[in-house]
1. Taking the condition modelled with pLDDT of 95 or more and surrounded by fewer than 18 Cβ atoms within 10 Å (Cβ to Cβ), does Glu276 pass?
2. Quick check, is Thr223 surrounded by fewer than 17 Cβ atoms within 10 Å (Cβ to Cβ), touching a residue at least 60 places away in the same chain (Cβ under 8 Å) and in contact with a helix residue (DSSP H, G or I) (Cβ under 9 Å, 6 or more places away or on another chain)?
3. Scanning for something touching a Pro at 6+ places or on another chain (Cβ under 8 Å), closer than 26 Å to Leu310 by Cα, of a type in the set (Asp, Glu) and at pLDDT 95 or above, does region 177-188 turn up at least one residue?
4. Taking the condition surrounded by fewer than 17 Cβ atoms within 10 Å (Cβ to Cβ), in contact (Cβ under 8 Å) with a residue 40 or more places away in the chain and out of contact with any Cys (no Cβ under 9 Å at 6 or more places or on another chain), does Arg218 pass?
5. Would you check if Glu320 is of a type in the set (D, E, K, R), in a loop (DSSP other than H, G, I, E, B) and out of contact with any helix residue (DSSP H, G or I) (no Cβ under 7 Å at 6 or more places or on another chain)?
6. Working carefully through the options Glu333, Glu355, Glu300, find the one that is surrounded by fewer than 16 Cβ atoms within 10 Å (Cβ to Cβ) and assigned to a loop (DSSP other than H, G, I, E, B).
7. Condition first: under 17 Å from Arg176 (Cβ atoms) and assigned to a loop (DSSP other than H, G, I, E, B). Now tell me which residues in region 211-245 satisfy that.
8. Kindly provide the set of residues from region 342-371 that are within 21 Å of Val60 (Cα to Cα) and small (Gly, Ala, Ser), ordered by number.
Amino acid sequence: MTHLPTTSLRAHVPTPYVLSLVPALLFSFAAGPAVAQDVNAMSFAEYEPRSMLVVPEHPVERARYPFVDVHTHPNGLMTPEEVDETVRAMDALNMAVMVNLSGRSGERLKQIVANLKGRYPDRFVVFANPSYSGIDEPGWPDRTARQLEEDVAAGAQGLKIFKDLGMYVRDGAGNRVPVNDPRLDPLWTKAGELGIPVLIHTADPGAFWLPYDEHNERWLELTERPNRRRPPEPSWEQLIAEQFNVFRKHPGTTFIAAHLAWLGSDLARLGMLLDELPNVYTEIGAVIYDPGRQPRFAREFFIRYQDRILFGKDVWEPSEYPVYFRVLETADEYFDYYRKRHAFWKLYGLDLPDEVLRKLYYENAHKIIPGIEGPG
């Protein structure tokens with residue numbers, strides 16, 4: 001049999017044809033004999049890669065110090081058995097005090113206080129919530145301030161403002177009630193006179209106002225929860241400005257801006273506002289994913305503002321707390337958050353000093369919420 005020399009083979013096979021075979025050959029070597037599914041059919045929500053990174057891991061199931069969670073919404077009318085079960089879960093986490101921000105007002109508040117504090121006086125704190133019904137009526141501002149006074153006498157230790165103020169609350173004429181509506185001034189003043197803090201949730205993540213497109217980092221959440229897409233007005237900036245104008249107008253009242261004031265992705269700006277307003281604190285409920293993706297800068301921020309930050313979680317789900325502990329207490333790298341639609345990225349530990357942890361976990365809460373018993 002006669003073999004053609006290599007040069008002769010090149011002469012008989014056109015170069016473009018040879019090159020056309022290369023992609024197919026490479027694909028066959030990489031993919032094997034068959035491809036099980038079309039990867040293009042997989043959605044981003046379904047994509048759950050398993051990291052091959054091998055790094056030291058230090059999961060934390062129990063907080064280093066007994067802590068006060070200043071941002072929870074448990075069922076205030078639990079059965080005695082359910083209350084006992086909640087306290088056992090708190091003990092496992094090392095939670096000393098749970099602050100129930102959904103205390104309502106009047107008779108409902110009295111029931112919740114009796115149900116929780118009547119059984120465990122030192123383990124629960126209840127915040128009152130105002131009603132905006134009749135805001136147009138003469139005398140409403142003073143009546144609302146008096147109701148807060150009655151609620152505090154009935155056991156409330158703070159005031160919680162939900163995000164409906166500024167976004168959804170309307171007066172009798174159908175007009176939006178802004179966060180800094182002057183009719184609310186007597187309420188803020190009364191809270192200051194009573195020596196109780198106002199924990200206020202204004203707006204939502206700023207991405208909810210951005211275009212719903214491939215550049216929005218909350219695209220998955222807005223896809224799964226379309227009702228969270230916000231209309232242009234009122235804008236996020238307007239709502240945040242209204243909130244901070246309330247803080248400026250009432251320097252004698254202590255405010256806690258919930259969720260890092262939705263400025264966890266811009267800690268420098270939050271720091272400037274804290275510098276300006278000594279009556280303002282903040283908490284980390286439902287936003288630990290922001291400090292956890294910027295561990296070096298966030299660590300500096302938490303150390304600098306160690307006297308102004310409180311621990312909060314928001315949703316009462318015991319299995320999710322260890323992620324908070326791990327971000328705050330360890331130097332671990334590249335670990336998962338617990339809810340992909342909030343944060344598809346990985347987290348890193350801040351490795352906070354013990355002095356900072358003690359203030360974050362309980363000392364700052366003891367300083368501004370009256371009647372809390374516990375460590376420190």
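1. On the way: modelled with pLDDT of 95 or more: yes; surrounded by fewer than 18 Cβ atoms within 10 Å (Cβ to Cβ): yes.
Here the answer is yes, as Glu276 does meet what is asked.
2. Values: surrounded by fewer than 17 Cβ atoms within 10 Å (Cβ to Cβ): yes; touching a residue at least 60 places away in the same chain (Cβ under 8 Å): yes; in contact with a helix residue (DSSP H, G or I) (Cβ under 9 Å, 6 or more places away or on another chain): no.
It is false that Thr223 is surrounded by fewer than 17 Cβ atoms within 10 Å (Cβ to Cβ), touching a residue at least 60 places away in the same chain (Cβ under 8 Å) and in contact with a helix residue (DSSP H, G or I) (Cβ under 9 Å, 6 or more places away or on another chain).
3. Yes - at least one qualifying residue is present in region 177-188.
4. Values: surrounded by fewer than 17 Cβ atoms within 10 Å (Cβ to Cβ): no; in contact (Cβ under 8 Å) with a residue 40 or more places away in the chain: yes; out of contact with any Cys (no Cβ under 9 Å at 6 or more places or on another chain): yes.
Taking the combined requirement at face value, the residue does not satisfy it.
5. On the way: of a type in the set (D, E, K, R): yes; in a loop (DSSP other than H, G, I, E, B): no; out of contact with any helix residue (DSSP H, G or I) (no Cβ under 7 Å at 6 or more places or on another chain): yes.
Judged against the criteria, Glu320 is not a match.
6. Values: Glu355 fails: assigned to a loop (DSSP other than H, G, I, E, B); Glu300 fails: assigned to a loop (DSSP other than H, G, I, E, B).
Every option except Glu333 fails the conditions.
7. Looking only at region 211-245, we keep the residues that are under 17 Å from Arg176 (Cβ atoms), and these are 230-243, 245.
Within region 211-245, Arg230, Pro231, Pro232, Glu233, Pro234, Ser235 qualify.
8. Matches in region 342-371: Ala343, Gly349.
The values are calculated or read from the model by the stated rules, or taken from the named source; none is laboratory data. Model, not experiment: these values are computed from the prediction. All Cβ positions, even for glycine, are placed from backbone atoms using ideal geometry, and neighbour counts span all protein chains on display.
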